[in-house]
Amino acid sequence: MATLNDERGSSPVIFVVAYVLFAFTIGSAWFIMAPIVPELIGHLHSSLSSVLMFLSLYGFAMIVFSMPAAWWARKDGIAPVLRAAIVLSFVGLGGRIFAPSYSWYLVAQAIAAIAYPLLISPVGAVVRQAHMTHVKTVTGLTIGMLFFGMAAGAYMGPTLHALFGYTGVLVVVWLVNAIVGLFLFVSLNHLPRFEEPASEPMRIVFGSPRWWWVGLAIAATSVMFGGIAVSALLHLHVANAPRLGATLTALTFLGSGIGAILFPLLADFMGRSGVWQVVLIALTTLLTLLVVLEFTGVWVVSVAAIQLIFLLLGVFGNGCYALSLSATAEAARETRGAGVQTAGFSMASNVGVAILPPVLGPLVIVMPAIFGIVTVAILGIAVANVIVNVRHS
């Protein structure tokens, strides 16, 4: 897949495995909540919008901490940044286990959320410092494993809840995250030595905004659909809505993992990345329209059909997302700048993740027409963004 050697002769393969596995545990710990949103509302005596804020917190964390994480990695290498991510994840996920109130849970979730930008935002620097030769493939693998984790969390949530109860679910994902986090902490010793930056002054840069809207549109709508699936289906009086909603959320993220790994791999070895992006964003917009029609009760399809739609939405949407992210990394002229480029993309895309689910998501019930128009318009702008970028690349 890539040449993984540094001048000391040590191989960072162990590190790469640990890195992508930790991304998997972050995703699963976060979206283990999606299928138990209704229970969280009752347990914490809160509203749907307030509980959806938990799912959006990592978006706020990405906005605030993406660039600081990249600047830190640019200055000192990625090892201290990743170690901080491990510690914050351990503390935050552990703190939410026995949260007696909404405020407690919010603080614990916020601490855990900071680990997300520290881990993912400097992925460009991670790829470069690990001496990976196929940037698209490795970037896609990282994002893919994150989404596989989200899928696992959303799908296994009801089963784990039935086996271990509300608190037990949170304990299980915390323990898995802690074990893999320890693996990553130790495996950082296998990372090629960080080359000290030149003595040039440190400039505060944010990366190119060329692909930012694409990331915002895809990431925000994926998280929003996952967060509102159960509530929307309950409102439409769909049979077995909690289980179906959990399955749809899991299928979205399963598809996201497949797309994020598959299409960057194809683009790396077959070329024509721009063509892939145009086709994928067009298909994503079409499928988004179908989901909007289903969730607003305008167009009702069979269970099998809606499951296929959600799976393909993840495949196409995050295939395009991963290609756009890797394009920002490849645009960097030096290793340290690659992390800044991908952090800028992540920061911008998660503005939508932070805002859209709690603000636009509840409108699916109270103002379905506005919900549909705004959601489809967001993807329509993304289509134009991709076409313009491809033409000028």
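The values are calculated or read from the model by the stated rules, or taken from the named source; none is laboratory data. Please read all numbers here as calculations on a predicted model, not as lab measurements. Please note: Cβ atoms are built from the backbone with ideal geometry, for glycine as well, and neighbour counts cover all protein chains shown. Ligands, DNA and RNA are excluded from the accessible area calculation, which covers all protein heavy atoms including side chains. Shrake-Rupley method; radii C 1.70, N 1.55, O 1.52, S 1.80 Å.
The condition (being under 15 Å from the mean Cα position of the chain (by Cα), modelled with pLDDT of 80 or more and either open to solvent by 60 Å² or more (accessible area, probe 1.4 Å) or at negative phi (or both)) is satisfied by just one residue among Ala34, Ala61: Ala61.
Inclusion of Leu182 among residues that are open to solvent by 20 Å² or more (accessible area, probe 1.4 Å), at pLDDT 80 or above, within 27 Å of Ile63 (Cβ to Cβ) and not β-branched (Val, Ile, Thr) is not warranted. From Leu119, Leu163, grab the single residue that is open to solvent by less than 30 Å² (accessible area, probe 1.4 Å), modelled with pLDDT of 85 or more and not small (Gly, Ala, Ser). None of the others qualify; the one that does is Leu119. In segment 64-85, of all residues being open to solvent by less than 10 Å² (accessible area, probe 1.4 Å) and β-branched (Val, Ile, Thr), the one that is farthest from His190 (Cα to Cα) corresponds to Val81.
In summary, Gln277 fulfils each of the numbered conditions (1) within 19 Å of the chain's Cα centre (by Cα); (2) of a type in the set (S, T, N, Q); (3) open to solvent by 10 Å² or more (accessible area, probe 1.4 Å) with the single exception of condition (3). Answer with yes or no whether Ser103 is open to solvent by 20 Å² or more (accessible area, probe 1.4 Å), over 22 Å from Phe183 (Cβ atoms) and either in contact with a Gly (Cβ under 7 Å, 6 or more places away or on another chain) or outside any helix (DSSP H, G or I) (or both). In short, no. Note on segment 300-314: residues that are open to solvent by 20 Å² or more (accessible area, probe 1.4 Å) and either part of a helix (DSSP H, G or I) or within 16 Å of Met150 (Cα to Cα) (or both) total 7.
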